[in-house]
1. Within region 251-275, which residues are over 20 Å from the mean Cα position of the chain (by Cα) and over 14 Å from residue 154 (Cα atoms)?
2. Say we look at region 166-213 and pick out the residues that are in a strand (DSSP E or B) and free of Cβ contacts under 8 Å to residues at least 60 places away in the same chain; which of these is farthest from residue 125 (Cα to Cα)?
3. Residue 470 - would you say it is in a helix (DSSP H, G or I), modelled with pLDDT of 95 or more and more than 21 Å from the chain's Cα centre (by Cα)?
4. Suppose we keep only residues that are touching a helix residue (DSSP H, G or I) at 6+ places or on another chain (Cβ under 7 Å) and in a helix (DSSP H, G or I) within region 507-517. Which one would you say is farthest from residue 529 (Cα to Cα)?
5. Consider residue 207 carefully, then state whether it is at pLDDT 95 or above and loosely packed, with under 14 Cβ neighbours inside 10 Å.
6. Going through region 214-247 one residue at a time, which ones are touching a helix residue (DSSP H, G or I) at 6+ places or on another chain (Cβ under 8 Å) and assigned to a loop (DSSP other than H, G, I, E, B)?
7. Report the residue count in region 40-54 for those that are over 15 Å from residue 315 (Cβ atoms) and part of a helix (DSSP H, G or I).
8. Check residue 59 against each of (1) modelled with pLDDT of 95 or more; (2) farther than 25 Å from residue 296 by Cα; (3) touching a helix residue (DSSP H, G or I) at 6+ places or on another chain (Cβ under 9 Å) and name the one condition it does not meet.
């Protein structure tokens, strides 16, 4: 299977993407797909009809449809942990029956959503208050999926935020919690602790710091805490009333959890109605993924492009480039979603993978990136497939001229990546400046753009809660499809465990309690440096 893809890639390696447009004037239409006003354009890639047919055949041969249906049905497709994968149930607003071990999970999901909505309304209207009055600020303390998802969504939906200000603390570095709490009023701040087990060391360390900060100003710290956790015993020990504890099941992975209780901070900011619109957008993409034929299925096509670039052409990195400032945290969110999900070297059956799995994902929004790393993208020795995201309309109608400039920049970058600039054109430019001979040639070479660098563009009408839901679900399903085709489990993350275990064993060493611990020379030296307090000065 992979050999055929590699053969196709080798056969077309020297072909320029522009020739595909020359051969087919309708290429842009034929190599794009639309859903509810959203267009995914993958025509600026080196995928032709035969390559697309091969990729679609690969998706069918690896049973993507069957695995998709199994996921939605509640089957335990997370085989290494023996769990179902049902983040889609959290946005199943229709209440369609979804079973796990023969039990319909939807009554519980919808009940938790209703409880979240009731609490959010109480906070937003002032019926629930702090010990100094109406809640003005919310601090969400979590890490990984308990932070990246809601932090990304809250920024993305800034025009819809009409509730308390929301802040996010994740890093165990004390600077993060210190700088976040500084300037807030403990008496009007609600702290949300997001940890399923209520034992995550980074989260609970930050939560304890927040509790001590709160205790300096209020008599009952637990009264101004809420918990996103399934451990009612430990949350009760913190004095958090059960009415402010929102749990979720083990069939919701952290990086897929923004749709449920982990999204409480977002709901507090934008309100239950807009949060439901976010869920509805995700649900609409679910139905598209379930029902659209593969050749028109946005998550499938996005995945096939990724497979072609990474496993086919050997481009091990992809840049996510939202020309939408409010999606500033989307690249980081997708970094976790894709690299924690598909950063594997072992197949489901325990065998070694024969191809590289997940790509390195990175990016920055809009024109900021143009003045940072686009130099490498355009003229560097590595090819970096780019994924542009763009809204046709901005939220700020009085600044439409700036949005037009933003759109022009986005379209120009994707065009420049594909077309490039030839040496002959560069020579003409230098000749027009009066240069001659060797100096003309030298200067011209610096102005050559190789071009033939692939990109895709996802364009949508405007970034609303509904559209954000569609975009996030689109990428979730893209990761799933790629994982199935690679034969890996996208829903475990054993790679994060070893470092956490070693950190616990190193803590007493750093405290000076276990200087006889067996450490490698480098770690022992660095630990000694820390114990000595660093060099003077």
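1. 273, the sole residue that qualifies.
2. Once the filter is applied, the top-ranked residue is 169.
3. Here the answer is no, as residue 470 does not meet what is asked.
4. Of everything passing the filter in region 507-517, 509 is farthest from residue 529 (Cα to Cα).
5. When the stated conditions are applied, residue 207 does not pass them.
6. Those that are touching a helix residue (DSSP H, G or I) at 6+ places or on another chain (Cβ under 8 Å) and assigned to a loop (DSSP other than H, G, I, E, B): 216, 217, 218, 229, 238, 239, 240, 241, 246, 247.
7. Within region 40-54, residues that are over 15 Å from residue 315 (Cβ atoms) and part of a helix (DSSP H, G or I) number 5.
8. (2)
The values are calculated or read from the model by the stated rules, or taken from the named source; none is laboratory data. Model, not experiment: these values are computed from the prediction. All Cβ positions, glycine included, derive from the backbone under ideal geometry; neighbour counts span all protein chains shown.
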